[in-house]
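The values are calculated or read from the model by the stated rules, or taken from the named source; none is laboratory data. Please read all numbers here as calculations on a predicted model, not as lab measurements. Here the Cβ is made from the backbone with ideal geometry for all residues, glycine too, and neighbour counts use every protein chain on show. Protein only, heavy atoms only, side chains kept; ligands, DNA and RNA dropped before computing areas. Shrake-Rupley method; radii C 1.70, N 1.55, O 1.52, S 1.80 Å.
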Amino acid sequence: MHYKPSEIEPKWQKKWNEEKTFSYNGKNSGKKKYYILEMFPYPSGKLHMGHVRNYSIGDVVARYHFRKGFDVLHPMGWDAFGLPAENAAIENKIPPARWTYSNIEAMRERFRQLGFSYDWDREIATCSPEYYRWEQRFFIEMFNKDLVYKKKNEVNWCPQCNTVLANEQVEDGVCWRHGTPVTKKKIEQWYFKITEYAQELLETLNDMPGWPDHVKDMQRNWIGKSTGTYIDFKFEGRDENVTVFTTRPDTLMGVTFASMAVEHPMAAEIIERSPQKEEMNEFVGEVKKLHENMRDDAYEKKGVFTGEYLIHPVSEEKIPLYFANFVLADYGTGVVMAVPAHDQRDFEFATKYGLPVKVVIRPEDGEFFEPLKEAYTEPGVMVNSGRFNGLLSEKGKEAVSNHLVETGCGKTGVNYRLRDWGISRQRFWGTPIPMINCEKCGTVPEKVENLPVKLPEDVDFSGSTSPLKDMLEFYETECPVCGNKAKRETDTMDTFVESSWYHMKYCDPHSENEPFSRFEVDHSMPVDKYIGGVEHAVMHLLYTRFFTKVLCDLGYVSFREPVKDLLTQGMVCMETYSVNGEYLYPEEVAFENGLYRQIGTGREVKVGRVEKMSKSKKNVVDPVKLIGKYGADTARLFVLFASPPEKDLEWSEEGVEGCSRFLNRVWNIVTANIDIIKGSKEITEPPASKGRDLWAKTHETIKKVSDDIERFHFNTAISAIMELVNASYKFELCTDETKDVLAEALRSVILLLNPFAPHITEELAEMCGMPAVAKQKMPEVNKRALEKSEILIVVQVNGKVRDRLMLPADISTEDVEKEVRSRDYSRFLKSGEIKKLIYVPGKLVNVVG
RNA sequence: GCAGAAGUGGUGGAAUUGGUAGACACGCAAGACUAAGGAUCUUGUGCCUGUAAUGGGUGUGGGGGUUCGAGUCCCCCCUUCUGCACCA
């Protein structure tokens, strides 16, 4: 009888499905709930190894908690809106809906093949009107609460997506998805006021011990709070102000000029009234071009004098105002007070244009050389600052701020790097924004009873823009306020909006009169363990935290954070292969005589560095092929065994073979001992010496596996089971009692291995006449098995291991010392005699001397 | 530049609180079974040294420190990865 995964795996998958083994009961179950969630996938129709890993980790946690007696919520769904569906529509003339739904079918099948324990009755697809109608309702309620607004602004534009990107979606100046350089465009779009929640989003991070520090740091970084002072500067000879933001008000007296971003709202007027209009326009054009091509870093600081002066609020000196290429329009106020002596950027600028450098901070002690070679940015003592002289910079910050507040030309405040979340997308396949433009009433929300604003299903894709913009039947409507003819918004929402609340919808997926029952959602949330890739550390995980707070404020839920514990799993990586710069799939490459060659041509293959598996580099392994060859259990086991979850995992075929071999060993030893298992008695008393070791090993393994699953060390849990299997192979049967010991060891292997390799373990359990494993509790430790009569005491001499002693477990400290002193360790002693003995009870003795 | 994570055999990785470094697996080597083995089983495997051993030395990126004892704690340095980056 051989292990044939292709036969047993479908059998159990069918059974789990028919019997609804993994359904969640919710509020009325009477059991403690456990919500385990893996980030839902985009239904591309194909699975990659990253998915296998992500969902295998989640499945172990889910199955473990099922078997610990929890009411487990383990749902799956589809992040189904997004660009690929539209691109496919353009290429293949298939409507996005049809393409998406058929992909969902295909992908659900792949998930079933891996044997994951989902409650499929709770499946959701974000592209269904039953889902997005509630999102439209949230949008309208947010609009009514002033949490949504429309603004024309310079935005990031991806020419490949043909749409706007949020700040978070631009990485290194390129589109996070395509890697195409992002350009700037001025466009009117809708914004969520995430900045209104910036403080809470930041503060609550301190109360989230279940999140990894690096994710919290990335969010803190992204929110980028800084405390400082807003200072008003008057224009010379005009009744107009400009405000700057600074974190160093203590350097105010060192201001020798000011710099403004060319995109600043006042810039156009200033240029208009300048006699050097042309020169300035030229500079503005140059800077804008520079900012468009954001991949250029470390460019030279340049500027142009505006011809205008500001008045220093304290000294009342004239301060020249420049346009400068390094000043960002969307950080702070878009204008900075320049203190060349104490800011490196200002220093470089001042040096280039021969502007004065005025030192107002000196180190408290130590030398200080003038003229400065670079800015002095450390804290120190204030000098050349009139009434503030002698103050330490920390005190000085406060004193200057207070003075400005008193004289009415400043206020203290905070500034965030975080921008509001621009959610308009000029695309078709997304949730329609439920707003209507009426010539008379302006922009008004659709009536709630008219929701959903449905996306047309049968559409013709011809051009590269969204067909909604040309569909009269979609955008022609009447104004919900005055009833006149009006035009519907044709932009759709960022797909990150759908993923901001899907985990709440799972709690009550079929409600019809409300987004979800508050009763159920308050019971099931927060997510107890959320598992997904680090790449979402900022975008998705920040948006979903924001959205939860909004839904709480709108009265839909009673909690303010959606995720209790977060596990960010590493990427699955593999080396790349290429010939003359063209990438090859691994199956096109063969390794012979120490060289990689292209199959067919025999050309030598260049082996590139290990990178995240990606289709563009062709360094991918198709999980379907892997499952076909080894079975789902082996695939799951490998991704869990090869590396701890947070680490990147390098793919290796040898590793897979090792896991396959292990499952075969399990299969062989269990099937060889079926009769013994069937005929065995439960062990109630400690067995005689022949069986004692394996009995102890069995219970040590039970303990270790449970502990390791709890702390997400799946690789060591699996290795512990491997040890027990190895010990079982070496175990010699003699008495009936030893048969019972072996039987218990093998039953335990089945029960413990089940969360990792569910199919083979169910099959073996059935063959051995055991009840279905999914319905059995995890095995429990018999504490008596862990008791030892003898213990190993390691003897160190001056910190080095020199001996090992087996001593009675209940030996006293005095007897251990006696035992050690009775032996001759003198040749290891520096002084020849024992000066001191240190005994760590039950573990080791260190002899010092 | 700032922030974070990490650096352990030929390889993936163990070592939960400062207490036997290298579990488990891959690879490799030897042997067994076999017509044959790329199947399976057994044994060995950090490095140096020693023809004996329960032998000696050395060893967790490098250097210093704390300690009876450091992969683990502290200080300095190097390397790699990730995120942010002219943030005022």
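In the set (1) open to solvent by 50 Å² or more (accessible area, probe 1.4 Å); (2) among the charged types (D, E, K, R); (3) assigned by TED's automatic domain parsing to the domain that holds A:P10, A:D119 fails one condition alone, (1).
On the stretch given as the stretch A:604-613, residues that are surrounded by 12 or more Cβ atoms within 10 Å (Cβ to Cβ) and either in contact with a Pro (Cβ under 7 Å, 6 or more places away or on another chain) or modelled with pLDDT of 75 or more (or both) total 5. Of all the residues in the stretch A:22-38, those that are buried (at least 16 other Cβ atoms within 10 Å of the Cβ) and either on the phi > 0 side of the Ramachandran plot or modelled with pLDDT of 95 or more (or both) number 10. All of (1) out of contact with any helix residue (DSSP H, G or I) (no Cβ under 9 Å at 6 or more places or on another chain); (2) within 11 Å of RNA strand B (Cβ to nearest atom); (3) within 30 Å of A:K277 (Cβ to Cβ) hold for A:A329 with one exception: (1). Is it the case that A:V670 is more than 12 Å from RNA strand B (Cβ to nearest atom), open to solvent by less than 10 Å² (accessible area, probe 1.4 Å) and either without any contact (Cβ under 8 Å) to a residue 24 or more places away in the chain or in contact with a helix residue (DSSP H, G or I) (Cβ under 8 Å, 6 or more places away or on another chain) (or both)? When the stated conditions are applied, A:V670 passes them. Total residues in the stretch A:544-571 satisfying the condition of being part of a strand (DSSP E or B) and open to solvent by 30 Å² or more (accessible area, probe 1.4 Å): the figure is 2. For the stretch A:711-732, the condition holds for no residue, the condition being that it is within 15 Å of A:N782 (Cβ to Cβ), open to solvent by 30 Å² or more (accessible area, probe 1.4 Å) and either of a type in the set (F, W, Y) or under 38 Å from the mean Cα position of the chain (by Cα) (or both).
The residue of the stretch A:195-219 that is farthest from the chain's Cα centre (by Cα), among those that are of a type in the set (D, E) and more than 9 Å from RNA strand B (Cβ to nearest atom), is A:E196. Looking only at residues in the stretch A:613-641 that are small (G, A, S) and not assigned by TED's automatic domain parsing to the domain that holds A:Y577, the one that is farthest from RNA strand B (Cβ to nearest atom) is A:A632. Within the stretch A:467-488, the set of residues being buried (at least 17 other Cβ atoms within 10 Å of the Cβ) and β-branched (V, I, T) comprises A:T477 only. Just one of the listed residues (A:A298, A:A268) is surrounded by fewer than 18 Cβ atoms within 10 Å (Cβ to Cβ), outside any loop (DSSP other than H, G, I, E, B) and either at pLDDT below 90 or among the aliphatic types (A, V, I, L, M) (or both), namely A:A268. Considering A:Y376, A:Y353, the condition of being of a type in the set (F, W, Y) and open to solvent by 70 Å² or more (accessible area, probe 1.4 Å) is satisfied by A:Y353 alone. Yes or no: the stretch A:495-508 includes at least one residue that is surrounded by fewer than 20 Cβ atoms within 10 Å (Cβ to Cβ) and outside any helix (DSSP H, G or I). There is no residue in the stretch A:495-508 that is surrounded by fewer than 20 Cβ atoms within 10 Å (Cβ to Cβ) and outside any helix (DSSP H, G or I).
Close Cβ contacts (under 9 Å, 6 or more residues apart or on different chains) running from residues in the stretch A:705-721 that are touching a residue at least 40 places away in the same chain (Cβ under 8 Å) to residues that are near RNA strand B (Cβ under 8 Å from one of its atoms) and outside any helix (DSSP H, G or I) comprise A:F712/A:P644; A:F712/A:E646; A:H713/A:P644; A:F714/A:P644; A:N715/A:A642; A:N715/A:S643; A:N715/A:P644.
Just to be sure I understand, how many residues within the stretch A:630-658 are among the basic types (K, R) and surrounded by 15 or more Cβ atoms within 10 Å (Cβ to Cβ)?
From the stretch A:630-658, those among the basic types (K, R) are A:636, A:647; that's our starting set.
If we keep only those that are surrounded by 15 or more Cβ atoms within 10 Å (Cβ to Cβ) as well, we get A:636.
Residues flagged as among the basic types (K, R) and surrounded by 15 or more Cβ atoms within 10 Å (Cβ to Cβ) within the stretch A:630-658 amount to 1.
Considered as a group, the residues in the stretch A:137-173 that are more than 18 Å from A:F496 (Cα to Cα) and within 16 Å of RNA strand B (Cβ to nearest atom) include one that is nearest to the chain's Cα centre (by Cα), and that residue is A:D172. Applying the criterion of being of a type outside the set (V, I, T) and out of contact with any Cys (no Cβ under 9 Å at 6 or more places or on another chain) to the residues of the stretch A:733-744, the residue that is nearest to A:N782 (Cα to Cα) is A:E744. Going through (1) in contact with a strand residue (DSSP E or B) (Cβ under 9 Å, 6 or more places away or on another chain); (2) open to solvent by 20 Å² or more (accessible area, probe 1.4 Å); (3) within 15 Å of RNA strand B (Cβ to nearest atom) one by one, A:V335 falls short only on (2). Out of the residues in the stretch A:642-658 meeting the condition of being in a helix (DSSP H, G or I) and within 7 Å of RNA strand B (Cβ to nearest atom), tell me which one is modelled with the lowest pLDDT. Taking the candidates together, the pick is A:E654. Among the residues of the stretch A:370-420, write down those that are free of Cβ contacts under 8 Å to residues at least 40 places away in the same chain, of a type in the set (S, T, N, Q) and under 17 Å from A:P313 (Cβ atoms). Across the stretch A:370-420, the qualifying residue is only A:N402. Filtering A:P43, A:P84 for residues that are within 24 Å of the chain's Cα centre (by Cα) and open to solvent by 10 Å² or more (accessible area, probe 1.4 Å) leaves a single hit, A:P84.
Quick check on my filter: what residues within the stretch A:202-219 are crowded, with 17+ Cβ neighbours inside 10 Å and under 30 Å from A:G396 (Cα atoms)?
Here is the first cut: in the stretch A:202-219, the residues crowded, with 17+ Cβ neighbours inside 10 Å are A:202, A:205, A:208, A:211, A:215-216, A:219.
The answer is A:L202, and nothing else.
Kindly provide the set of residues from the stretch A:299-326 that are more than 35 Å from the chain's Cα centre (by Cα) and near RNA strand B (Cβ under 9 Å from one of its atoms), ordered by number.
As a first pass, look at the stretch A:299-326 and keep what is more than 35 Å from the chain's Cα centre (by Cα): A:300-324.
Across the stretch A:299-326, the qualifying residues are A:E300, A:K301, A:K302, A:A324.
Residue-by-condition table, conditions (1) within 16 Å of RNA strand B (Cβ to nearest atom); (2) surrounded by 15 or more Cβ atoms within 10 Å (Cβ to Cβ):
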{"position": "A:V360", "(1), (2)": "yes, yes"}
{"position": "A:E367", "(1), (2)": "no, no"}
{"position": "A:S385", "(1), (2)": "no, yes"}
{"position": "A:N389", "(1), (2)": "no, no"}
{"position": "A:E394", "(1), (2)": "yes, no"}
{"position": "A:A399", "(1), (2)": "no, yes"}
{"position": "A:E406", "(1), (2)": "no, no"}
{"position": "A:V414", "(1), (2)": "yes, no"}
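Listed here are the strands (runs of 3 or more DSSP E) enclosed by the stretch A:424-478 that have at least 3 residues being in contact (Cβ under 8 Å) with a residue 24 or more places away in the chain: A:435-438, A:442-445. Among the numbered conditions (1) in a helix (DSSP H, G or I); (2) open to solvent by less than 20 Å² (accessible area, probe 1.4 Å); (3) in contact (Cβ under 8 Å) with a residue 40 or more places away in the chain; (4) not basic (K, R), the only one that A:A765 does not meet is (3). Taken together, the residues in the stretch A:220-255 that are open to solvent by 10 Å² or more (accessible area, probe 1.4 Å) and away from RNA strand B (no atom under 13 Å from the Cβ) amount to 9.
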